[in-house]
Every structure is written in C-alpha cells, then in structure tokens.
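Below: the structure, in structure tokens.
The values are calculated or read from the model by the stated rules, or taken from the named source; none is laboratory data. Computed from a predicted model, the values in this text were never measured in an experiment. Please note: Cβ atoms are built from the backbone with ideal geometry, for glycine as well, and neighbour counts cover all protein chains shown.
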Amino acid sequence: MTALLQGVRVLDFGRYIAGPYCGALLAEYGADVIRIEKRSGSEDRFPAQVGGGVGALFLQMNRNKRSITLDPATPAGREVVARLVKSADIVIANMPAATLKASGLDYDTLRGYKDDIIFVTNTAYGPVGPMSGNVGFDGVAQAMSGSVYMTGQPDHPYRAAVAWVDFGTALHCAFGAMAALMQRQQTGKGQMVTGALLATAVTFTNAALVEQAVTQVNRVPTGNRGQTSAPMDIYATRDGKVQVAVTGNPLFRRWARLMGEPQWLDDPSFADDDSRGRHGELISARMARWCAERSNDEVVRLLGEAMIPCAPVLSPQQALDHPQVQALGVLQATDYPGLPVPAPVAAVPLWMTETKAVPRRRPPTLGEHTDAVLAELGYSEAGIQRLREAQVI
C-alpha cells in the first residue's frame, strides 16, 4: 500500500518540540522529512541524554527523518536552501520572525524560490500583539493561560511537567500543514501556516476562560480536587495512589451506591455536577476513607466493575511496565547507535482502518544524510567537499 504522504518532501528546520514533532507526524505517514540541523546539532539532541550523543527528546522528535547539517546564513548555505525549497512541498521553522529573516527562512524569501511552498511556523506569543516579538517556551504559555494558576495550591502554583503546549502546537501545525496541502491540491497555491504556544494554551484552557468571562466565578486552585464535579481527586490506597473522576448523574448514582450512601442521591446538595463540585471536600473525604481501606489493585478493579473512571498513579517505570500501556503497542522499540537498549519511542497514537503509518526507521545521526540529499539536489562530490571545507555543512 502506498503511504499517504509518499512523494511529499518536508524541510524541518524546527527547534525543540513544536516544530520537530510536527515534522515527525508527517514523517509517520510517509513524507520525506529532511531535518536540517546546525553543524553542532540541534537543541533537541541534548536534553535528557540517554546515550549515543542524543537526548530522549531527540529520539521522539526525529524518527523516520533524514538529517543534514547546514548553516543557512552563509551565501553558499542560502544556495543550498534555495535548491532544497525548490524540491520541497512544506518547510517547517519555529523561530522568531527576526531569526527567520536573518537566516533567509522567512515566507517571502521561501516563496521566491517556489511560489506554491507551504511554510509552517510557530512562535511563543503569536504574530501580533505587544509581546509578539518576545521568545518563550511551553511553560510561559502555560503560565499566561490560567492553567498554572489553577494547578497546585493558592500559594504554590505548579506548571505541568509534560510539555502539553508544545505538543498541542505541533498537532495544530500538522493539521494546518495537511489542510494547506489539500488547499493546494484545489487551487495550486501555497500559504503560510502560523501557530503560537500562547494560542494553544488559551485554547486548551478555554472552558475555564469562558466560565470566568460569563460568570465571574473567580475560582482558586484546589490541588488535585476538581471543582465542577465530585469525587474527582487523587486518593491514597493501602499501597499507592489512584485518580478517580466522577462526572455526570449516572456516574454519581453508581458511585453513591458503591459507597453505601444511597441517601446522597436525594440530597439537593448533590443534585448536579456543580453542586457536587461545591461540596467536593465532603465527597472526597468519603472517597478517601473507602480507598484507604483497600489496595490499589482492588480499588481499580471495583471501580472499573462499577463503570467508574479510575486509574493508578504510576511512576515512569510503572507506566512502561503496565500491561495496558504495553498492550497498546504505541511505544515501539527503536534502536540508535550508542544506546545501551532500544528506546521505547511513541508512534502516532491513532488507529485507522485504511491509512497506515510507515515502518519505523530510527532517528538519524547528525548529518547522516547530508551527502545523499545534496547529491539529490545536483551537487557533485567535489562541490559537497567544498561546502564541507567552507564549514557550510
């Protein structure tokens, strides 16, 4: 079966997560994604080193890609960029606008090489507004969206340890890239696709912002306890912790009967999610007593049998070992030179009956495909050697 994106070439100048993961999603379905890195290596090669001179982040971001090294700011480097763009369909570059311009990777320059190119970019704060020129990472967008404020305790907010803003932005950009490809099929025109970390963060936090704008409720954080339904919290068992989430009257009825509290079903204080949220401390206290008398496995089993959402709170190692995680098959053993063991690198977490991902290829070593890609662009062996001697590649 022909891969969905076979024949589509993507140039990935991305940094960290929001750009490179967009490219990884396209590579998963057959696009020829060429990762263009600094001669010293891109930033995502280095955090959380696991061996072989790479970090865990790099392994996730760059499976199924090819890698070349290039300094696009040099005259010879710009000529390489021009040839690359003429051969490509999509360019990804998540850098500040000034950096894009200085590197010759801005949209106006790129479409001068190929007028139907699709350019996918994202920044911290977006293309307009008083902070549009500022730089930032996932955590700053979390902080400005209201999410950090509502996490933890009133005097001790927490950012999420997982970079959900970066990954969400990459997902939006990949969606935009696919939409732009479909549009180009219809019109023959390329376009610029722009994402922003802050825009993603306020989108994911939108329900809380809508509630605040309409009702002026002025909520304050309550740790892990939910505020718009109950019981919704993390509870200690005899040998661990579990997350329980009860939302909606049918779930609450099943929960109250399991707890032996059928009288709560007629109590107006618990009539709906909002009222139960307002009395969440009382309801959580009852759930906590029930959990404390049982093991993690027993709590998960009994609540599961009652069709009440519950899951164990797992460490990273426990997550790797859990039979449900293993059954999904999302984490695929991926070799890389220098790793002591194959890395469990996640695939795109989708199951489609017709569209299949391509077979997994390991992430590239730094500049592994430089000569091959340049040869595809028409460079001779001598020309490639001159670029290397001039420290362009």
Filter result (more than 39 Å from the chain's Cα centre (by Cα) and at negative phi) within the range 258-276: Glu261, Pro262, Gln263, Trp264, Leu265, Asp266, Asp267, Pro268, Ser269
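Identify, from the list Thr334, Thr370, the residue that is closer than 22 Å to Leu84 by Cβ and either out of contact with any Ser or Thr (no Cβ under 6 Å at 6 or more places or on another chain) or in contact (Cβ under 8 Å) with a residue 40 or more places away in the chain (or both). Reasoning before the result, please.
Numbers: Thr334 fails: closer than 22 Å to Leu84 by Cβ.
Testing whether each residue is closer than 22 Å to Leu84 by Cβ and either out of contact with any Ser or Thr (no Cβ under 6 Å at 6 or more places or on another chain) or in contact (Cβ under 8 Å) with a residue 40 or more places away in the chain (or both) leaves just Thr370.
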The range 220-253: number of residues that are surrounded by fewer than 15 Cβ atoms within 10 Å (Cβ to Cβ) and either touching a Ser or Thr at 6+ places or on another chain (Cβ under 9 Å) or on the phi > 0 side of the Ramachandran plot (or both): 4
Pairs with Cβ under 7 Å, 6+ apart, first in the range 27-45 and assigned by TED's automatic domain parsing to the domain that holds Ala56, second of a type in the set (Asp, Glu): Val33/Asp12; Ile34/Asp12; Arg35/Asp12; Ile36/Asp12; Arg39/Asp71
Count - residues of the range 109-130 that are of a type in the set (A, V, I, L, M), touching a residue at least 60 places away in the same chain (Cβ under 8 Å) and assigned to a loop (DSSP other than H, G, I, E, B): 2
Test: Gly30 is modelled with pLDDT under 95, of a type outside the set (A, V, I, L, M), out of contact with any Asp or Glu (no Cβ under 7 Å at 6 or more places or on another chain) and surrounded by fewer than 23 Cβ atoms within 10 Å (Cβ to Cβ): no
Failed item in (1) closer than 20 Å to Thr151 by Cβ; (2) crowded, with 17+ Cβ neighbours inside 10 Å, with Glu211 passing the rest: (2)
Single unsatisfied condition, Val120 versus (1) in contact with a Pro (Cβ under 7 Å, 6 or more places away or on another chain); (2) among the aliphatic types (A, V, I, L, M); (3) at pLDDT 95 or above: (1)
Inter-residue pairs, beta-carbon under 8 Å, first under 16 Å from Glu28 (Cα atoms) and in the range 55-79, second assigned to a loop (DSSP other than H, G, I, E, B) and of a type in the set (S, T, N, Q), 6+ apart: Phe58/Ser42; Ser67/Thr365
Residue within the range 261-271 that is touching a residue at least 40 places away in the same chain (Cβ under 8 Å), over 18 Å from Gln60 (Cβ atoms), out of contact with any His (no Cβ under 6 Å at 6 or more places or on another chain) and loosely packed, with under 14 Cβ neighbours inside 10 Å present: no
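How many of the residues in the range 132-150 are of a type in the set (S, T, N, Q), part of a loop (DSSP other than H, G, I, E, B) and either outside the structural domain of Gln60 (by TED's automatic domain parsing) or crowded, with 17+ Cβ neighbours inside 10 Å (or both)? First the steps, then the outcome.
Filtering the range 132-150 for residues of a type in the set (S, T, N, Q) gives 132, 134, 142, 145, 147.
Then keep just the ones that are part of a loop (DSSP other than H, G, I, E, B); that gives 132, 134, 147.
From what is left, the residues that are either outside the structural domain of Gln60 (by TED's automatic domain parsing) or crowded, with 17+ Cβ neighbours inside 10 Å (or both) are 147.
Residues that pass the stated criteria total 1.
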